[in-house]
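Inspection log for the structure reproduced underneath, given as structure tokens.
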Amino acid sequence: MALPSSSRFVIIGGGIVGCSTAYHLAKMGEEVLLLEKAKLTSGSTWHAAGLVGQLRSSANVTQLLGYSIELYKRLEEETGLATGWKMNGGLRLACNQERWIEVKRQATTAHSFGLKMELLTPSEAQQLWPLMTVDDVVGAAFLPTDGQASPSDITQALAKGARMSGAQLVEDTPVTGIAVEKGSIRAVEVESGRIECERVICCAGQWTRTLAATVGVNVPLASVEHQYMITEPCDVPSDLPTLRDPDRLTYYKEEVGGLVMGGYESNPIPWAINGIPDGFDFTLLNSNYDHFEPIIELALSRVPALRTTGIKQLINGPESFTPDGNFILGEAPELKNFFVGAGFNAFGIASGGGAGMALAEWASNGRPPYDLANVDIRRFGRPHQDTEWVRARTLEAYSKHYTMAWPFDEYESGRPSRRSPLYPILLKSGAVMGEKLGWERPNWYATHAEAAHDIHTFGRPNWHDAVSREHHACRQRAALFDQTSFAKFTLKGADAEAALGWIAANRVDRPVGSVIYTQMLNKSGGIECDLTCARMAEDEYYIVTGTGFATRDFDWISRNIPSGMHAELVDVTSAGAVLSLFGPNARDILTELTSSDIANHALPFGTWKRIGIAGCPITALRITYVGELGYELHLPVEYAVTVYEALQEVAAKHGLQNAGYRSIETLRLEKGYRAWGSDVGPDHTPIEAGLVGLVKLKTGQDFLGRAALLAQQETGMKKRLATFTADPDVILYGRETIYRNGQRCGWLSSGGFGHWIGQSIGLGYVRNPSGVTLDYVLSGRYELEVASHRVPAEVTLDPLYDPKMAKIRV
């Protein structure tokens with residue numbers, strides 16, 4: 001086939017994700033060319049196991065996988081090619097009480113997301129899967145709409161569907177380069193010449209990291225060996241459900257009358273450490289029976305028939321995995337119009353249909369069909385630049401594939417990496433550290449009598465009392481939080497106010513010295529960023545956002561500065577430390593340490609002031625995320641220890657106590673403060689989130705998303721964020737199902753415990769396709785489904801603590 005001289009879209013890679021993306025772009029009427037260096041499916045698609053499950057911890061990723069199933073159902077009829085799709089259901093076992101709690105919570109999550117997951121007794125599970133023994137099984141969950149497919153057949157059907165809609169798919173055409181001129185993609189280069197294009201979509205599997213790096217794009221993935229065995233036929237019924245047995249690290253599916261059995265070992269083997277060898281197409285690694293033997297031993301006691309069944313083949317096919325176990329989609333922050341779909345962690349077949357749909361819409365429309373932050377490439381940051389760090393973390397993520405998904409679990413590899421200057425001091429003070437985007441951060445503080453580490457459980461954790469101490473210290477006296485990991489930017493230039501005024505939903509045309517809490521919206525009014533801006537000068541703003549949003553928020557702001565405006569965004573995160581001082585005694589503490597006037601009239605809420613402590617120049621922001629009088633103290637990083645020591649000198653006198661991020665969480669839940677990524681995000685508007693009072697709709701000033709909000713004010717909401725409380729014995733983590741008058745109406749976006757009010761707290765959206773008003777929310781009778789059991793709950797639209805905001809303004 002002769003190559004065209006140009007194409008609006010060029011897709012690199014002919015696996016399931018590349019072909020699915022081509023299929024969907026072509027269906028949208030776009031001009032698309034797919035280039036595959038060898039043959040379609042020849043990378044890792046052809047040797048994938050082919051299990052298709054739907055449920056994930058994210059509602060939207062679950063929806064994306066559900067789309068895959070709907071696509072696979074109709075694809076054979078549309079294209080005339082067999083796909084091997086069977087909706088035979090998926091079974092998951094629990095073999096101890098903790099796993100059974102996990103499975104029951106997973107079933108509740110499924111119900112929250114609209115999936116009908118059923119809980120079964122061991123004997124009921126055995127009736128569905130008669131080949132297994134169930135002596136150790138406590139219970140099981142069954143999802144009837146899960147299934148399996150033939151990876152190669154599905155991909156070929158997608159490829160045919162793409163061609164039927166006008167796409168060109170060309171094999172045996174490796175891309176040798178990508179031409180970038182003045183920061184814009186111009187063409188892809190192949191051996192026979194150059195193909196002009198507007199956008200490149202890189203779906204090159206394990207080759208993606210290396211190829212993307214040639215144009216300065218970082219894609220954090222690593223290749224890992226993954227093995228499964230195929231047995232000889234042994235009278236396995238063709239409608240046998242897929243089976244996951246996480247306590248034995250194994251999975252199963254029917255294959256031509258026999259079984260496929262694979263697993264996720266705790267000691268995975270990395271592959272291609274020095275690069276993928278040339279010509280690695282339709283190629284497997286040597287079978288490693290010694291490494292797979294422990295998996296076989298675990299499987300034999302579950303499926304005794306395997307002892308007398310021959311092994312046809314032990315497949316050892318490397319696949320690309322990521323540092324957090326989620327795949328990677330989206331437009332690269334480093335290069336406009338360069339999109340990525342890679343790192344599918346051995347569930348590329350389950351994801352392929354939906355991922356291709358999302359990538360196609362993202363590349364064509366400039367945004368995904370719905371919030372996909374969990375898989376967005378912008379979730380990564382500085383530590384992910386280092387290949388060795390990425391590999392270490394990826395191997396840990398692989399090894400945890402079937403381990404218990406404990407609440408508040410932390411990764412251990414690649415640590416410590418990024419450290420506040422206070423790190424060693426806080427460790428000596430009992431800090432139990434967590435990690436976010438490479439930063440070590442205090443989660444909580446243990447006394448000498450307490451174990452200074454997390455003990456995993458689905459019940460009340462061992463740190464519950466420690467967080468309660470910190471929580472009460474903040475409410476009654478004062479607490480000190482090291483928040484150095486905050487992402488921090490400066491926006492400077494003659495047009496800084498105009499640029500930020502367009503991007504921010506709140507007013508930023510306030511006097512120098514103002515601190516503005518604002519959302520930043522997309523065209524549909526959804527919340528893309530939730531952050532604080534301090535006006536430092538007429539032409540300068542200081543912007544502070546969450547640790548995990550450093551890449552994403554920087555990208556959003558920089559891309560949305562209107563063309564021609566003079567405003568430069570600079571990341572200054574590493575230059576500054578942040579000590580946050582909150583509580584009724586916060587002002588008394590600072591007054592003892594600084595000669596600056598910080599009385600309420602001199603430094604009111606929503607302002608900042610330069611003060612000095614122990615010779616250090618400090619920018620004190622009067623703001624709070626815990627619902628108390630307080631200050632964020634922003635200071636040059638080299639002064640952090642000096643200022644911390646000064647604060648400790650007066651700590652005993654004022655009852656000041658070190659506190660960590662888990663108490664921030666419990667404090668903010670009592671106050672009803674929203675968290676981006678759970679309570680607010682691109683799918684939620686400020687009207688729905690109860691934040692419309694922070695939006696400059698009445699000013700007449702135009703801003704990104706304004707038109708959508710005005711339209712929603714006219715048409716009304718279909719969901720509204722509310723706060724729920726339950727008995728203190730009820731343990732809430734988020735994703736619990738909300739029932740209004742007996743009908744499912746949503747799920748909790750956040751959950752935790754309010755130590756001051758003594759109740760369990762959850763935030764979540766009450767949803768109704770026919771419309772939601774405030775009266776509708778408040779008039780209902782509510783229950784929450786927790787681990788498949790319903791409990792009564794109360795609802796409110798007001799903060800549970802200090803609803804009149806008196807304490808933060810005193």
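The values are calculated or read from the model by the stated rules, or taken from the named source; none is laboratory data. These figures come from a predicted structure and were not determined experimentally. Every residue, glycine among them, receives a Cβ derived from its backbone with ideal geometry; neighbour counts consider all protein chains shown. Note: areas computed on protein heavy atoms with side chains; ligands, DNA, RNA excluded. Shrake-Rupley method; radii C 1.70, N 1.55, O 1.52, S 1.80 Å.
For the chain, the longest principal axis of the alpha carbon atoms and the long axis of helix 348-365 meet at an angle near 60°.
Entry comment: accessible area of segment 661-810 is 42 Å² per residue, from protein heavy atoms only and a probe of 1.4 Å. Computed on protein heavy atoms with a 1.4 Å probe, the accessible areas place D371, D727 in the order D727, D371, largest first. For the chain, the Cβ-based charge dipole about the Cα centre amounts to some 1860 debye (Lys, Arg positive; Asp, Glu negative; other atoms uncharged).
Would you be so kind as to identify which of N60, A689, N600 lies farthest towards the positive end of the dipole of the chain, taking Lys and Arg as +1 and Asp and Glu as -1 on Cβ and the Cα centre as origin? Of the options given, the answer is N600. Computed extension gain for E334 through F605, at 0.36 nm per residue and net of the alpha carbon distance, reaches 93.9 nm.
Local charge for R740 was computed over the other residues whose Cβ lies under 10 Å away, with Lys and Arg +1 and Asp and Glu -1, and equals +2.
Remark: spin-label model distance N286-R809 equals 7.4 nm, labels positioned 7 Å along the Cα→Cβ axis.
Kindly express, to the nearest 10 degrees and within the range 0 to 90, the angle between helix 464-476's C-alpha long axis and the longest C-alpha principal axis of the chain. The angle comes out at about 30 degrees. The accessible surface of the chain, taken with every protein chain in place and a 1.4 Å probe, is 49 percent carbon and sulfur. If you sort the three axes of the alpha carbon gyration tensor as a ≥ b ≥ c, you get a/c of 1.5 or more for segment 1-139 and a/b above b/c, which makes it prolate.
Considering the options G734, Q701, W756, tell which one lies farthest towards the positive end of the dipole of segment 674-772, charges being +1 on Lys and Arg and -1 on Asp and Glu at the Cβ, about the Cα centre. Checking the options against the dipole of segment 674-772, the answer is Q701.
The ellipsoid equivalent to the alpha-carbon distribution of segment 163-267 has semi-axes of 41, 20, 11 angstrom, derived from the gyration tensor eigenvalues as √(5λ) and listed largest first.
For segment 137-199, applying the loop criterion from DSSP together with a ceiling of 14 other beta carbons within 10 Å to the trypsin sites (Lys or Arg not before Pro) yields K182. When each of the peptides 420-427, 697-704, 344-351, 486-493 is scored by how many other beta carbons lie within 10 Å of its residues on average, the order from highest to lowest is 344-351, 486-493, 420-427, 697-704. The Rg/Rh ratio for segment 436-555, using Cα coordinates for both the radius of gyration and the Kirkwood hydrodynamic radius, is 1.10.
For T773, the solvent-accessible surface with a 1.4 Å probe is about 80 Å², rounded to the nearest 10. Per residue, the accessible area of segment 127-218 comes to 40 Å² when a 1.4 Å probe rolls over the protein heavy atoms. Relative to the longest principal axis of the Cα atoms of the chain, the long axis of helix 661-671 makes an angle of roughly 70 degrees. Charges at C-beta only: +1 for Lys and Arg, -1 for Asp and Glu. How large is the resulting dipole of segment 367-497 about its Cα centre, in Debye rounded to 20? That gives segment 367-497 a dipole magnitude of about 220 debye.
Taking every C-alpha pair closer than 8 Å and separated by at least 6 residues, the mean separation divided by the residue count of segment 562-691 gives a relative contact order of 23 percent. Among the GluC sites (Glu not before Pro) in segment 500-550, those placed in a DSSP loop whose Cβ has at most 12 other Cβ atoms within 10 Å are E538. Placing unit charges on each Cβ (+1 for Lys and Arg, -1 for Asp and Glu) gives segment 274-429 a dipole about its Cα centre, and among Q313, N345, N326 the Cα reaching farthest toward its positive end belongs to N326. Applying 1/(1 + (r/R0)^6) with r as the Cβ-Cβ distance of T642 and N274 and R0 = 51 angstrom yields a FRET efficiency of 0.65. With a ≥ b ≥ c taken as the square roots of the eigenvalues of the C-alpha gyration tensor of segment 62-135, please select rounded if a/c is under 1.5 and otherwise prolate if a/b is larger than b/c or oblate if it is not? Judged from the Cα gyration tensor, segment 62-135 comes out oblate (a/c at least 1.5, b/c at or above a/b).
Given a cut-off of under 8 Å on Cα pairs at least six residues apart, what relative contact order in percent is computed for segment 414-486? Averaging sequence separation for qualifying contacts and normalising by length gives 26 percent for segment 414-486. Here the gap between D798 and H472, fully extended at 0.36 nm per residue and compared with their Cα-Cα distance, gives a gain of 115.3 nm.
Residue-normalised convex hull volume from the C-alpha trace of segment 689-810: 130 Å³ per residue.
Each Cα pair under 8 Å and six or more residues apart adds its sequence gap; the mean of these over the residue count of the chain is a relative contact order of 12 percent.
Computed packing ranks the peptides 281-289, 237-245, 319-327, 84-92 as 319-327, 84-92, 237-245, 281-289, most packed first, by mean other Cβ atoms within 10 Å. Evaluated over the Cα positions of segment 421-478, the convex hull gives a direction-averaged projected area, one quarter of its surface, of 5.0 nm². Rounded to the nearest 5, what % of the DSSP beta bridges within the chain are antiparallel ones? Of the beta bridges lying entirely in the chain, close to 85 percent run antiparallel. Placing +1 on the Cβ of every Lys and Arg and -1 on the Cβ of every Asp and Glu, with no other charges, gives segment 28-141 a dipole of roughly 180 debye about its Cα centre.
Here the average projected area of the convex hull drawn through the C-alpha atoms of the chain stands at 34.0 nm². Taking each DSSP H run with n ≥ 4 as -39500 (n - 2.57) and averaging over every residue of the chain yields -8000 deg cm²/dmol at 222 nm.
The tail of the calculated P(r) for segment 304-354, taken as Cα-Cα distances beyond 13 Å, holds 71 percent of the pairs. If the segment from S595 to R194 were pulled out straight at 0.36 nm per residue, it would be longer than the present Cα-Cα gap by 137.7 nm.
State which entries of K73/K116; K488/K804; K609/K696; K696/K807; K86/K253 exceed 21 angstrom in Cα-Cα distance in the structure shown. Pairs exceeding 21 Å: K488/K804; K609/K696; K696/K807.
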